[in-house]
1. Please report, in debye to the nearest 20, how large the charge dipole of segment 38-165 is about its Cα centre when each Lys and Arg carries +1 at its beta carbon and each Asp and Glu carries -1 there.
2. In whole Hz and in residue order, list the ³J(HN,Hα) couplings for segment 125-135 that follow from phi through the Karplus curve 6.51 cos²θ - 1.76 cosθ + 1.60, θ = phi - 60°; x for Gly and Pro.
3. For the chain, what does the helix formula give at 222 nm: sum of -39500 (n - 2.57) over DSSP H segments with n ≥ 4, over the residue count, nearest 500 deg cm²/dmol?
4. For Lys22, list the lysines whose Cα falls under 26 Å from its own Cα; do not include residues on the same chain fewer than 8 positions away.
5. Looking at Leu135, Val160, Leu28, which one has the Cα that reaches farthest to the positive end of the dipole of the chain (charges on Cβ: Lys, Arg +1; Asp, Glu -1)?
6. Report the gain in length on full extension from Ala75 to Asp30: 0.36 nm times residue separation, minus Cα-Cα distance, nm rounded to one decimal.
7. What is the fewest-to-most order of Leu6, Leu257 by other Cβ atoms lying within 10 Å of their Cβ?
8. Report the extension gain between Gln210 and Arg19 in nm, rounded to one decimal, defined as 0.36 nm multiplied by the number of residues separating them, less their alpha carbon distance.
Amino acid sequence: MDVVVLGSLNMDLVAQVSRLPKPGETILGDRFTTVPGGKGANQAVAAVRLGAKTAMIGRVGSGSFGKTLCEGLVADGVDISAVSVSDRTPSGTALIAVAPQNNQIIVVPGANGEVGQDALTALTQCVEEAKVLLLQFEIPLPVVESAAAIARAAGLMVVVDPAPARGPLSDQFCQHISILTPNQTEAGLLTGVEVVDGESAIAAAHSLHQQGIQTVIIKLGELGSVCVTAEGVFSTPAFSVKATDTVAAGDAFNGGLAAALCQLGVAEKGELSHDDLKRVVIYASAASAIAVTRSGAQSAMPTKSEVETFLSAQ
């Protein structure tokens, strides 16, 4: 096993719109679809399609949504033996409005809110085989923090997508994070720094790095990303593509990070040089660029060959 994902599984209820509604406004949508999602499951699909042997740890409801979510992961080759089923609570759902260049998302956790000790036990049983743990914030934060500690103690790289952001991170949690990947909004909520450009992103990244996080990557959309490590700072530009749906951009990025860390053989090192990190970030950015040209979440995730072809053409 290369990658373990401990996180959410949601059914996404997606409305395509020409623009996002203003507060109190009702607008007509163009199309409605129901597609498997959840940041955890999305990142698992991204990693496995990019060639990483991937296991998912999470929880779904016993209804039709839960069955569909699990079937989709199995079809992609994700190990779901540690995905449990709740008889009390329905599967998580996400209400998503997708407009050109932007989106709005409301997540109702459902069974994701019940992820607890069973998930940590499952993680403990598979850390010896894994290289990277992917975490997000759509399950209870204490579980995320405990999982990071377990994984770091076992020598895994811990990649955290702090979405949805819930305010400052504890210093103890930060000590267990190998790579943190907030977007502009999340970086601002985590640090109190308003991130509007590269300079403010670097300031926010330094603030997070000073809390003990090894590597901070702030995703800036069309502006690319900035990275801060103990070696210093560097930025990477975004690939120029025509975006149609940005919902899965961050999940494709993190799945790409995990897959690249494994493929390039750098996950075992524990720490990344800037040369290694640049290669990993470029690969993840390519996966994200391809994903935003497609509709949906898991359905938008590219394969390893597609990313390699995309990079060769740049």
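1. 180 debye
2. Values per residue, Gly and Pro as x: 6, 10, 5, 5, 8, 8, 10, 9, 10, 9, 10 Hz.
3. Rounded to the nearest 500, the figure is -11000 deg cm²/dmol.
4. Straight-line reach from Lys22, under 26 Å: Lys39, Lys219, Lys242.
5. Leu28
6. Net length gain for the segment: 13.3 nm.
7. Exposure proxy ranking, most exposed first: Leu6, Leu257.
8. Gain in length upon complete extension: 64.9 nm.
Where a number appears in this text, it was derived from the coordinates with a stated rule and is not lab data. A quick note: this is a predicted structure, and the numbers were derived from the prediction, not measured. Neighbour counts are summed over all protein chains in view; Cβ atoms, including those assigned to glycine, are modelled from backbone coordinates with ideal geometry.
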